[in-house]
Amino acid sequence: MKNLVFDMGNVLIEWNSEKILKGITSDINLQNMVRKEVFQSELWIKTDEGTVTREELIEIITKKLGEKYRNEITLLSRKWYTFVDVYYNVQEKIIELSKLGYNIYILSNAANTFYDLVKEGLLPATTVAKGIVLSCEEKILKPNEKIYNILLERYNLDPHDTMFFDDLPENIWGAARCGINGFVVENQSEFLTYLDKLREEMNWRQLRTLLN
């Protein structure tokens with residue numbers, strides 16, 4: 001296995017809509033309204049799909065809930081990532097794996113806010129990524145097989161030599177239908193242990209090469 005592909009949410013950085021809601025406001029009623037209008041509707045998904053921009057989201061929800069909530073809605077749309085944890089320990093291991101010879105890629109259902117996280121230094125793993133595929137740019141969401149095939153074809157990857165890491169089983173199954181190996185990230189402890197295993201495998205592989 002030489003190609004490692006990582007999702008963003010709950011893999012490189014936490015995705016927790018409840019923490020985000022509590023971060024933008026302590027008003028329980030507003031939390032409930034935003035949950036319903038954004039997270040329980042298709043609106044947030046459409047920002048990942050690239051069919052609704054974050055500025056359009058602000059205007060749509062402000063119009064529904066009222067101008068007095070514009071600041072909270074803007075905070076949600078533009079700065080949601082300030083209310084969740086960044087998995088720096090995971091990303092450090094990914095960078096280490098890159099130095100050992102693994103090829104690193106990012107494949108995520110994400111809006112253009114992804115690039116704000118990069119600019120703010122919250123996704124250091126992107127500094128070693130050989131390629132990035134985002135749903136908002138491709139207008140395709142996981143687990144649609146098309147987005148995995150875009151990754152494989154664009155970067156000329158052998159699916160059987162590729163491992164995809166995602167927190168949702170359905171996205172892993174989508175990758176599997178394209179011949180890509182998968183690992184469901186259920187918790188950080190098991191994930192870190194697996195990354196350590198990959199490091200050990202590469203070290204042994206390099207040692208055998210030297211001995212031969």
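Out of the residues in region 1-52 that are assigned to a strand (DSSP E or B) and β-branched (Val, Ile, Thr), state the one that is nearest to the chain's Cα centre (by Cα). Walk me through it before giving the result.
Taking region 1-52 and keeping what is assigned to a strand (DSSP E or B), we get 3-6, 9, 13.
Keeping just the survivors that are β-branched (Val, Ile, Thr) gives 5, 13.
Numbers: 5: 10, 13: 7 Å.
The selected residue is 13.
Among the residues of region 97-120, just one is part of a strand (DSSP E or B) and either among the small types (Gly, Ala, Ser) or more than 30 Å from residue 203 (Cα to Cα) (or both), namely 108. The residue of region 34-48 that is farthest from residue 133 (Cα to Cα), among those that are surrounded by fewer than 19 Cβ atoms within 10 Å (Cβ to Cβ) and not basic (Lys, Arg), is 37. Reported count of residues in region 73-111, each being in contact with a strand residue (DSSP E or B) (Cβ under 9 Å, 6 or more places away or on another chain), over 30 Å from residue 59 (Cα atoms) and surrounded by fewer than 18 Cβ atoms within 10 Å (Cβ to Cβ), is 2.
Out of 27, 7, one residue alone is modelled with pLDDT of 95 or more, among the acidic types (Asp, Glu) and surrounded by fewer than 17 Cβ atoms within 10 Å (Cβ to Cβ). It is 27.
Residue 82 fulfils the conditions (1) more than 22 Å from residue 182 (Cα to Cα); (2) free of Cβ contacts under 8 Å to residues at least 40 places away in the same chain except for a single criterion, (2). Please determine whether any residue of region 49-61 is among the small types (Gly, Ala, Ser), in contact (Cβ under 8 Å) with a residue 60 or more places away in the chain, more than 23 Å from residue 169 (Cβ to Cβ) and open to solvent by less than 30 Å² (accessible area, probe 1.4 Å). Yes, some residue in region 49-61 is among the small types (Gly, Ala, Ser), in contact (Cβ under 8 Å) with a residue 60 or more places away in the chain, more than 23 Å from residue 169 (Cβ to Cβ) and open to solvent by less than 30 Å² (accessible area, probe 1.4 Å).
Could you tell me how many of the residues in region 63-117 are on the phi > 0 side of the Ramachandran plot and under 13 Å from the mean Cα position of the chain (by Cα)? Step through it out loud before you land on a result.
Just the residues of region 63-117 that are on the phi > 0 side of the Ramachandran plot, to begin with: 66, 101.
In the following step, the residues that additionally are under 13 Å from the mean Cα position of the chain (by Cα) were identified as none.
The number of residues fulfilling the criteria is 0.
Count of region 132-146 residues, restricted to those that are under 28 Å from residue 190 (Cα atoms) and surrounded by fewer than 17 Cβ atoms within 10 Å (Cβ to Cβ), is 2. The residue of region 166-193 that is farthest from the chain's Cα centre (by Cα), among those that are among the aliphatic types (A, V, I, L, M) and open to solvent by 40 Å² or more (accessible area, probe 1.4 Å), is 176. Take the residues of region 115-131 that are in contact with a strand residue (DSSP E or B) (Cβ under 6 Å, 6 or more places away or on another chain) and farther than 14 Å from residue 91 by Cβ: which is surrounded by the most Cβ atoms within 10 Å (Cβ to Cβ)? The selected residue is 131.
Looking at 146, 130, 119, can you tell me which residue is under 24 Å from residue 53 (Cα atoms), in contact with a helix residue (DSSP H, G or I) (Cβ under 9 Å, 6 or more places away or on another chain) and not aliphatic (A, V, I, L, M)?
Numbers: 130 fails: under 24 Å from residue 53 (Cα atoms); 119 fails: in contact with a helix residue (DSSP H, G or I) (Cβ under 9 Å, 6 or more places away or on another chain).
Only one candidate passes the filter, namely 146.
Residue 163 meets each of the listed conditions (1) open to solvent by 40 Å² or more (accessible area, probe 1.4 Å); (2) over 14 Å from the mean Cα position of the chain (by Cα); (3) at negative phi apart from (1). Is it the case, given these coordinates, that residue 149 is crowded, with 18+ Cβ neighbours inside 10 Å and more than 14 Å from the chain's Cα centre (by Cα)? Here the answer is no, as residue 149 does not meet what is asked.
The values are calculated or read from the model by the stated rules, or taken from the named source; none is laboratory data. Computed from a prediction, not measured in an experiment: that's the story for all the values here. Backbone-built Cβ (ideal geometry, glycine too); neighbour counts: all protein chains shown. Accessible surface is based on the protein model in full, side chains and every heavy atom, while ligands, DNA and RNA are left aside. Shrake-Rupley method; radii C 1.70, N 1.55, O 1.52, S 1.80 Å.
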